Amino acid sequence: MSARIAFCGLDCALCPAFLATSRKDQGLRRKTAQEWSQIYDSTIEASQINCLGCQQCQGPRFFICQHCTIRSCGLGRGLPTCADCPDYPCPQLQRLLDLAPTARDNLEALRRREGRG
Ligand code: SF4
Ligand code: SF4
């Protein structure tokens with residue numbers, strides 16, 4: 001499993017924002033900005049597709065992930081990810097896991113590896 005698992009379980013290494021940033025791929029930035037503008041029903045510019053991942057303390061982060069309450073909750077509790085949380089899965093996380101089965105799979109795999117599953 002990637003070492004870039006976000007607090008919520010999403011794999012940042014597979015995210016187009018991460019790939020566009022790490023590869024300096026302007027075409028992928030533009031494509032992702034168009035797709036995410038539709039998904040988020042908002043105007044997202046290619047220049048905003050700039051992110052080195054949820055777990056990075058330094059460097060750019062996509063503004064929606066920067067303000068993610070799951071991320072701030074995990075950070076506030078000093079956890080590596082939500083997989084380590086005694087309240088796993090809290091209702092807030094559960095709503096995301098229902099929409100993103102791969103995030104659930106990643107967190108469950110971490111919990112099994114740590115003997116929590
Ligand atoms: S933190 Fe960045 S790389 Fe991770 S899911 Fe969010 S936008 Fe993608
Ligand atoms: S309460 Fe636990 S599982 Fe829920 S968002 Fe916070 S760290 Fe994650």
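Some points to look at:
- Unique residue being in a helix (DSSP H, G or I), basic (K, R), in contact with a Pro (Cβ under 9 Å, 6 or more places away or on another chain) and surrounded by 14 or more Cβ atoms within 10 Å (Cβ to Cβ) when the list is R104, R111: R104
- Residues in region 1-57 that are among the aromatic types (F, W, Y) and modelled with pLDDT under 95: Y40 only.
- Within region 1-31, the set of residues being without any contact (Cβ under 8 Å) to a residue 24 or more places away in the chain, surrounded by 13 or more Cβ atoms within 10 Å (Cβ to Cβ) and over 14 Å from P60 (Cβ atoms) comprises D25, L28, R30, K31.
Here is a yes/no grid of residues against (1) at negative phi; (2) within 14 Å of the chain's Cα centre (by Cα); (3) within 13 Å of ligand 1 (Cβ to nearest atom):
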{"position": "I5", "(1), (2), (3)": "yes, yes, yes"}
{"position": "K31", "(1), (2), (3)": "yes, no, no"}
{"position": "D41", "(1), (2), (3)": "no, no, no"}
{"position": "I64", "(1), (2), (3)": "yes, yes, yes"}
{"position": "R111", "(1), (2), (3)": "yes, no, no"}
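- Single residue of region 78-91 satisfying the filter (open to solvent by 60 Å² or more (accessible area, probe 1.4 Å) and either within 27 Å of T21 (Cβ to Cβ) or of a type in the set (A, V, I, L, M) (or both)) that is nearest to the chain's Cα centre (by Cα): P80
- Here L52 passes the criteria (1) in contact with a Gly (Cβ under 7 Å, 6 or more places away or on another chain); (2) of a type outside the set (G, A, S); (3) open to solvent by less than 50 Å² (accessible area, probe 1.4 Å) except the one numbered (3).
- Test for I64: is it among the β-branched types (V, I, T) and either without any contact (Cβ under 8 Å) to a residue 12 or more places away in the chain or buried (at least 18 other Cβ atoms within 10 Å of the Cβ) (or both): no
- Cβ-Cβ under 6 Å pairs, at least 6 apart or on other chains, region 73-96 side touching a residue at least 60 places away in the same chain (Cβ under 8 Å) and within 8 Å of ligand 2 (Cβ to nearest atom), far side open to solvent by 20 Å² or more (accessible area, probe 1.4 Å) and of a type outside the set (A, V, I, L, M, F, W, C): C82/Y88
The values are calculated or read from the model by the stated rules, or taken from the named source; none is laboratory data. All values derive from a computational prediction rather than experimental measurement. Every residue, glycine as well, gets a Cβ built from its backbone with ideal geometry; the counts of neighbours run over all protein chains shown. Heavy atoms of the whole protein, side chains included, go into the accessibility calculation; ligands, DNA and RNA do not. Shrake-Rupley method; radii C 1.70, N 1.55, O 1.52, S 1.80 Å.
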